[in-house]
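Visitor: Have a look at this one before I ask anything.
Here, each number is a calculation from the coordinates, and none is a lab measurement. Keep in mind the model is a prediction, meaning the values are calculated, not measured. Using ideal geometry, Cβ is built from the backbone for each residue, glycine included, and neighbour counts are taken over all protein chains shown.
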Amino acid sequence: MRIDSHPNQVNMTTGLRRWLGIMAYLVIFSYPLVHADHLYRDDIWRSFHGEMGWVSNGRPLSSLIAFLVNGGPRLADLAPLPLWLGLAAITAAILLWRRRLLAFDTGYAWLAMLILVVQPFFLQNLSYHFDALPMALALACAIAGIACALDPRENHLWKARFRWLTGGAGVLASLLFYQPAANVYFILLAFHVALTISHHGRPDWNRHLGALAVGVLALVISKLVSAALIEGDYSEQHSRLAPLGQLPGHLLDQTGQFWHYAATMVDTPTWWLFTALAIVTPTGLLVAACRRRSVPGLPVMVLVLVCLPFGGLGFLSALAHPIWQPRVMMGFGALYAGLLFCVLHWLGRPRQSKGWSLLGWPLIVLALGTPLTLAYAYGNAQRQQALFADEVSIQLIDDLATQPSATPLVIDGTLPFTRATRNAIAVHPLIGELIRPYLDNGYWWGYQDLYRRGLSSAFELSDDPPLRRRFEAQCRRLEPLSRRAWYTLYQFEGSYVVSFDRKCHHALTTTELPIDD
């Protein structure tokens, strides 16, 4: 006697298989970041002091989750556990969002949503030891928030209220984990509206306007919470809104700068694929809307398509001085994923000719395969640069420790990239943005890294550009205290000056050999 499996049991088994499959891919994708084993920027301070510091950035949930994972307010380096916990949460959120996409495609097009994680700019978010979990949870909450807000509950008012409550809670949590991730909520909403119009001729006014309303309300609440929590010049400067009278021009200027930056930084194959999708998808959506001949649907479609390019920075472009770092550019991944989903959906339609339908899987392989090459090039370059910086930093600390007295410390010039790092940057320009030598003139993290490694705090940070200029004008007449392969140590005007600059550092190193590009 044959007993059929219960449908719920089958669905759970299928869902678990999908979750394991996605996690396997994301673990493979993130492995080079784990292998690099490199403390990344803010990690230096948190590793040194064991303190959080997220509340003063308007991110209270980041501190809360770190408190829960660590079992107290003191931070321990748990990498790569936080990274993989964050990726597990994103995987679950993508599978939840997949349910909303079944209304448009029941095939494999939803795999495009993996681009939300493996898009180039998100590599920086995943590079942190301590911040990877909060940033990943911010993205997961944004995805889960829009999935809940668009849950098609009908006929029961309390269910509709529950939908809006959970959706609003998701996007608010995203904002309180890491504000830029909430852009993903609004971009995915825009694509859902456009796909609904292309299929049915008009938006689902109740669901779409409700989701938009709770998203905007979450932004307002988050701004009020952040205003009460934010402290420090850096955080306050980057949280101020542009003056209302200058806002339209400011939005256009910031958006233009973003797309110029993206075109410069994104790898050529990825950029060309993204550009092709950005041409095909809006055209296809507009044609589909015109065919529906819906009076209310067409203007909404046009409005959505006009607003999509602003999604790169999203609401961050309204800030007077937004942070120009890859980690805030999560909107690019949402745009890329949405464009790819639409094309895969069209290619996979049953009535599509066999020649066109066969293009879907190669497109998926191309879109999900190219990020792997970037991730591995980045992780290996990061490791090579970190090993090099470790050796130079320890040697510098030893040289300073043998000096008869401690005076302010000045760094002149920049520790060069290794040959392997420069090769990686030549192939993937974004790596030059993601990897920055800490020993770089007055770069604050460079000094903090030296203190973390054991440099006495008696050697105070001295970021004095005029002193560096006077030193560079006279360095050839100074007697060095010590000369190493990569730097020369001097004493000048009551300070120790560590020079990486060729003018003041005379050593035959690989950067001076005639094999340069």
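Visitor: How high is the FRET efficiency between residue 365 and residue 491 when r is their beta carbon distance and R₀ equals 45 Å, given to the nearest 0.05? Each step should come with its number before you reach the end.
Guide: Values: r = 59 Å, r/R0 = 1.31.
Once the sixth-power term is evaluated, E becomes 0.15.
Visitor: Using 1/(1 + (r/R0)^6) with R0 = 35 angstrom and r between the beta carbons of residue 23 and residue 206, what's the FRET efficiency to the nearest 0.05? The partial results should precede the final answer.
Guide: On the way: r = 35 Å, r/R0 = 1.00.
Plugging the Cβ-Cβ distance into 1/(1 + (r/R0)^6) gives 0.50.
Visitor: Can you tell me the order of 222-233, 412-423, 268-279 when each peptide is scored by its average per-residue count of other Cβ atoms within 10 angstrom, highest first? List each step's numbers first, then the result.
Guide: Details: 222-233: 13.2, 412-423: 19.2, 268-279: 15.7.
Ranking, from highest mean packing down: 412-423, 268-279, 222-233.
Visitor: If you stretched the chain out fully between residue 244 and residue 70, how much longer would it get, using 0.36 nm times the residue separation minus the C-alpha to C-alpha distance? If you can, show how the numbers build up before the last one.
Guide: Numbers: separation 174, 0.36 × 174 = 62.64 nm, distance 4.26 nm.
Using 0.36 nm per residue and subtracting the Cα-Cα distance, I get 58.4 nm.
Visitor: A further question follows. Consider a paramagnetic label point 7 Å from the Cα of residue 49 along Cα→Cβ; state which residues of segment 215-237 have an amide N under 18 Å from it.
Guide: Within reach of a label on residue 49, which here means backbone N under 18 Å from a point 7 Å along Cα→Cβ, segment 215-237 contributes 229-237.
Visitor: Could you check the spin-label model distance between residue 401 and residue 502? Points 7 Å from the Cα along Cα→Cβ, value in nm.
Guide: The modelled label-to-label distance comes out at 3.3 nm.
Visitor: Ok, one more. State the Kirkwood hydrodynamic radius of segment 338-487 in Å, one decimal place, computed from all pairs of distinct Cα atoms.
Guide: Working: mean 1/r = 0.0519 Å⁻¹.
Here the Kirkwood hydrodynamic radius works out to 19.3 Å.
Visitor: Long-range amide H contacts for residue 319: which residues qualify at under 5 Å (H placed 1.01 Å from N, peptide plane, sequence gap of 5 or more or a different chain)?
Guide: Here the answer is 242, since their amide H atoms fall under 5 Å of that of residue 319.
Visitor: Okay, moving on. Pull out the extension gain between residue 11 and residue 108, defined as 0.36 nm times the separation in residues minus the alpha carbon to alpha carbon distance; nm, one decimal.
Guide: Numbers: separation 97, 0.36 × 97 = 34.92 nm, distance 1.63 nm.
Additional length available on full extension: 33.3 nm.
Visitor: How many percent of the alpha carbon pairs in segment 138-219 exceed a separation of 15 Å?
Guide: Numbers: 1679 of 3321 pairs.
Distances greater than 15 Å cover 51 percent of the Cα pairs.
Visitor: Given the C-alpha atoms of segment 261-316, compute the convex hull and give its volume per residue in Å³.
Guide: Details: hull volume 3.7 nm³, N = 56.
It comes to 66 Å³ per residue, whole-number rounded.
Visitor: With an 8 Å cut-off on Cα pairs and a minimum separation of 6 or more residues, tell me the relative contact order of the chain in percent.
Guide: Details: 709 pairs, mean separation 86.6, N = 517.
Contact order relative to length: 17 percent.
Visitor: May I ask for the angle, rounded to the nearest 10°, between helix 360-401 and the longest principal axis of the chain, with both axes built from Cα atoms and the value confined to 0 to 90°?
Guide: The two axes meet at around 20 degrees.
Visitor: Spelling out what I want: for every residue of segment 463-480, take phi, set θ = phi - 60°, compute 6.51 cos²θ - 1.76 cosθ + 1.60 (Karplus), and round to whole Hz; glycine and proline get x.
Guide: Taking θ as phi minus 60°, the curve returns 9, 10, x, x, 5, 4, 5, 5, 4, 5, 6, 10, 4, 5, 9, 8, 8, x Hz for segment 463-480.
Visitor: Right, next: Please report Rg over Rh for the chain, where both radii come from the alpha carbon positions and Rh follows the Kirkwood definition. The partial results should precede the final answer.
Guide: On the way: Rg = 25.7 Å, Rh = 25.1 Å.
Looking at the chain, the ratio lands at 1.02.
Visitor: Next up: Could I have the simple spin-label model distance between residue 275 and residue 320, label points 7 Å from Cα toward Cβ, reported in nm to one decimal?
Guide: 3.7
Visitor: Further question: What whole-number value in cubic angstrom gives the convex hull volume per residue for the C-alpha atoms of segment 230-279? Mind showing how you got there, number by number?
Guide: On the way: hull volume 5.9 nm³, N = 50.
Taking the convex hull of the Cα positions in segment 230-279, it is 119 Å³ per residue.
Visitor: Also, quick follow-up: Say each of residue 470 and residue 233 gets a label point 7 Å from the Cα, pointing the same way as Cα to Cβ; how far apart are those two points in nm?
Guide: With each label point 7 Å from Cα toward Cβ, the separation is 2.2 nm.
Visitor: Between residue 436 and residue 477, what is 0.36 nm times their sequence separation minus the Cα-Cα distance? Round to one decimal in nm. Write out the running numbers ahead of the final one.
Guide: On the way: separation 41, 0.36 × 41 = 14.76 nm, distance 3.09 nm.
Computed gain between residue 436 and residue 477 is 11.7 nm.
Visitor: What ³J(HN,Hα) values, in whole Hz, does the Karplus curve 6.51 cos²θ - 1.76 cosθ + 1.60 give for segment 116-125 when θ = phi - 60°, with x put for Gly and Pro?
Guide: Those phi angles translate into 4, 9, 8, 5, x, 5, 6, 4, 5, 4 Hz.
Visitor: If you consider only alpha-carbon coordinates, what radius of gyration and Dmax does segment 13-150 have, in Å?
Guide: 15.8, 50
Visitor: Taking the Cβ-Cβ separation of residue 458 and residue 268 as r and a Förster radius of 45 Å, what is the calculated FRET efficiency to the nearest 0.05?
Guide: Values: r = 49 Å, r/R0 = 1.09.
Approximately 0.35, to the nearest 0.05.
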